[in-house]
Every structure is written in structure tokens, then in C-alpha cells.
Amino acid sequence: MYTLDRIVCTPGVVSGKPRIKGTRVTVGAILGQLAVGHSVDEVLRDYPYIQREDVLAALQYAAWRAQEEEVELSAQASGSMTVLVDANLTPYLG
């Protein structure tokens, strides 16, 4: 089991994007580097003030967010809307 205690979102800091706690390094910046083929060690060289556990936390956060799924909800009588819901909450919808 893991926790996401290394990832924070603070309004007004990097536009509220998820970031590594105590830094302005966003989860997106880390994932972007990994996506183009950089190794964890290369990411750590680029951001010497984060730790390997921070990179792993960014991956865990992305995996958690990827579990979201779209659920159709009734809107006004004239239509519907789609919202993203954490897949882990699906059993509680209904």
C-alpha cells in the first residue's frame, strides 16, 4: 500500500497543479520526462532537490488518477452531463 503524502495541490502555487511537496516540481513535469524516455536518475539529476520516492509518488498519483472513469449523470430535463469519478467510488454511486 502507498500514500500520496508527497503530492500536494495548493491554490496559487503552480496554478494549483499537483506537485511534489515543498517544491514547485509538478507531477506533470516528472511524468513528461519519463514519457520521453528519461530515466529516474536523469529526472533526479534535473531536479536535485527531489528524491527517488518523489518520482515514485508522482507515478502512483498518475496511476490513481488514471482509475477515474466517466459516468453519465442526469442534468436538466433537456440533456445530460458527464463527470469524472474515481473508479474506487463507483460502488457508492448507486
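Could you tell me how many of the residues in the range 6-51 are in contact (Cβ under 8 Å) with a residue 40 or more places away in the chain and of a type in the set (D, E, K, R)?
Final tally of qualifying residues: 1.
Output the residues belonging to the range 38-62 that are of a type in the set (A, V, I, L, M, F, W, C) and assigned to a helix (DSSP H, G or I).
If the condition is that a residue be of a type in the set (A, V, I, L, M, F, W, C) and assigned to a helix (DSSP H, G or I), then V40, V43, L44, V55, L56, A57, A58, L59, A62 are the ones that fit.
Taking the range 25-37, which residues are more than 18 Å from L4 (Cβ to Cβ) and either of a type outside the set (G, A, S) or part of a loop (DSSP other than H, G, I, E, B) (or both)?
The answer is Q33, V36, G37.
D54: of a type in the set (D, E), in contact with a helix residue (DSSP H, G or I) (Cβ under 9 Å, 6 or more places away or on another chain) and surrounded by 17 or more Cβ atoms within 10 Å (Cβ to Cβ), yes or no?
When the stated conditions are applied, D54 passes them.
Where a number appears in this text, it was derived from the coordinates with a stated rule and is not lab data. Keep in mind the model is a prediction, meaning the values are calculated, not measured. Don't worry about glycine lacking a Cβ; one is built from the backbone with ideal geometry, like all the others, and counts go over all protein chains shown.
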